[in-house]
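To start, the structure under review is shown below, and the notes come after it.
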Amino acid sequence: MSTTTTGADVEPVTPQAPARAGLGVAAGASLALFALMFGTWTPESPEVGRTDAAGIRAWAADAASTLQLNAFAGVLSVVALLVLTAGLANLVRQAAPNSVLGGLTLLGGGLLAAINTSVTGFTLLWVLPDLAAVDDATVQTWYATAHVGQMLGEIAVVAQSLLMGAFSLAALRGRIVARWLCWLGIVLAVAGLSSVAGVVVPSPVFQTTWLVGLYGWVLWPLLASITFAVRLRRR
């Protein structure tokens with residue numbers, strides 16, 4: 001007597017479960033990332049080299065609440081970004097196990113997380129220590145170094161574009177999410193990556209593409225979270 005089970009008797013539950021889990025993780029993480037990015041801003045600060053230690057201390061005291069909020073949100077946003085990156089890469093690997101786009105998604109998210117961690121670390125310099133106990137030379141050094149962190153934040157558009165572009169290409173091929181979101185991610189990624197040429201050839205065009213890539217990334221997680229949630233609901 002044969003005990004072999006035919007393919008018709010087996011319900012395709014196994015492929016569905018990780019797909020639903022991946023969509024749920026991506027939806028939650030992208031929404032959290034959007035909320036954390038949207039709720040922070042950079043306080044105005046004196047130009048480096050044109051203020052003394054007393055002026056820097058006064059700035060840190062005036063902007064203390066904003067700096068604390070940014071530091072707290074920065075730490076949480078790095079966590080949300082890492083979860084989102086893992087979720088997106090998982091969706092890519094489910095749709096195309098042998099595609100290099102899954103690795104590029106992880107690379108873009110990892111680079112962006114490293115940059116954001118550095119920027120958050122510079123913010124924490126003004127939150128964790130007691131500035132009254134720090135000597136003037138150290139305060140001025142920290143202030144100058146913090147502006148390096150801002151420069152890192154400005155080049156983060158490259159990592160953002162790599163993350164969006166790799167996932168969007170894979171999602172378009174694998175029909176992971178709606179096509180309009182895929183094409184939007186591709187357009188924003190191309191705009192952000194093309195802005196790198198502005199380093200060699202300064203031009204208002206590349207400044208515009210940099211802004212498109214930068215602010216496009218701010219809105220993309222919100223749109224992605226909605227799309228992931230809709231796709232999850234339909235499964």
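The values are calculated or read from the model by the stated rules, or taken from the named source; none is laboratory data. All values reported here derive from a predicted model rather than from experimental measurement. No Cβ is skipped: glycine too gets one built from the backbone with ideal geometry, and neighbour counts run over all protein chains shown.
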Next on the checklist: Within segment 188-204, take every residue that is out of contact with any helix residue (DSSP H, G or I) (no Cβ under 8 Å at 6 or more places or on another chain) and aliphatic (A, V, I, L, M) and give me the one that is nearest to residue 108 (Cα to Cα).
Outcome noted: 199
Checklist entry - Of everything in segment 50-81 that's in a helix (DSSP H, G or I) and among the charged types (D, E, K, R), which residue is surrounded by the fewest Cβ atoms within 10 Å (Cβ to Cβ)? => result 62
Checklist entry - Restricted to segment 152-186, and to residues that are among the β-branched types (Val, Ile, Thr) and at pLDDT below 95, which residue is surrounded by the most Cβ atoms within 10 Å (Cβ to Cβ)? => result 157
Checklist outcome for this item: Output for Cβ contacts, cut-off 7 Å, separation at least six or different chains, first residue more than 19 Å from residue 132 (Cβ to Cβ) in segment 44-73, second of a type in the set (Val, Ile, Thr), reads 69/40; 70/40; 70/123; 73/40
Checklist entry - Would segment 175-185 turn up any residue that is in contact with a Leu (Cβ under 8 Å, 6 or more places away or on another chain) and under 16 Å from residue 214 (Cα atoms)? => result yes
Checklist entry - Which members of segment 210-227 meet the condition of being touching a Ser or Thr at 6+ places or on another chain (Cβ under 6 Å), within 13 Å of residue 154 (Cα to Cα) and either at pLDDT 85 or above or among the charged types (D, E, K, R) (or both)? => result 213
Next on the checklist: Among the residues of segment 99-119, what is the count of those that are within 20 Å of residue 72 (Cα to Cα) and either of a type in the set (Val, Ile, Thr) or touching a strand residue (DSSP E or B) at 6+ places or on another chain (Cβ under 7 Å) (or both)?
Outcome noted: 3
Checklist entry - What are the residues in segment 110-137 that are surrounded by 14 or more Cβ atoms within 10 Å (Cβ to Cβ) and more than 24 Å from residue 69 (Cβ to Cβ), if any? => result 110, 111
Checklist entry - In this structure, is residue 27 over 21 Å from residue 161 (Cβ atoms), in contact with a Leu (Cβ under 7 Å, 6 or more places away or on another chain), assigned to a helix (DSSP H, G or I) and modelled with pLDDT of 90 or more? => result yes
